[in-house]
Amino acid sequence: MFDLPMAIMQRMGIFGGFMRPFLMIGAGLILIFIFNLLLAKYVHRDAIRRHHPHAEFWAIVTLFFSVLGLLVYAVLRGDYDLLAEKSRTTIDRSPAAIEKARELVTFRKEPQFCPSCGEQAKPGANFCFKCGTALR
Ligand SMILES: [Zn+2]
């Protein structure tokens, strides 16, 4: 993969001599930067998925502190996971909603009978299957 650029640099005389250690360090830094960039991308995506309010902040932290930033984020993100979960499940406590829930529960628990012919209705049925009377 790097054969061609290396060959070009060798021919140009860049690769040899006093430049060599600097090139090695530069290549190393570029590799570390690419690695951090991938980690930051993962953190950013994960934070958005969890509705984390500071996704960009943690992406930048990971970009600069690499695995250390990722670890700190991984430890702290749990709390935000719970917060996101709480905000998603808002319970409707209005009397109408409670009554509706109660109806559903009793309907599921007890068998319903047709008020017209007395036949036991099938669970979830809106009409009596025998005489056709509306059950709800
Ligand atoms: Zn009936």
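The values are calculated or read from the model by the stated rules, or taken from the named source; none is laboratory data. Every value quoted in this text rests on a predicted model; they were computed, and no experiment measured them. No Cβ is skipped: glycine too gets one built from the backbone with ideal geometry, and neighbour counts run over all protein chains shown.
Right, L4: in a helix (DSSP H, G or I) and at pLDDT 90 or above or not? Judged against the criteria, L4 is not a match. All conditions in (1) assigned to a helix (DSSP H, G or I); (2) surrounded by 10 or more Cβ atoms within 10 Å (Cβ to Cβ); (3) modelled with pLDDT of 85 or more hold for E103, with the sole exception of (3).
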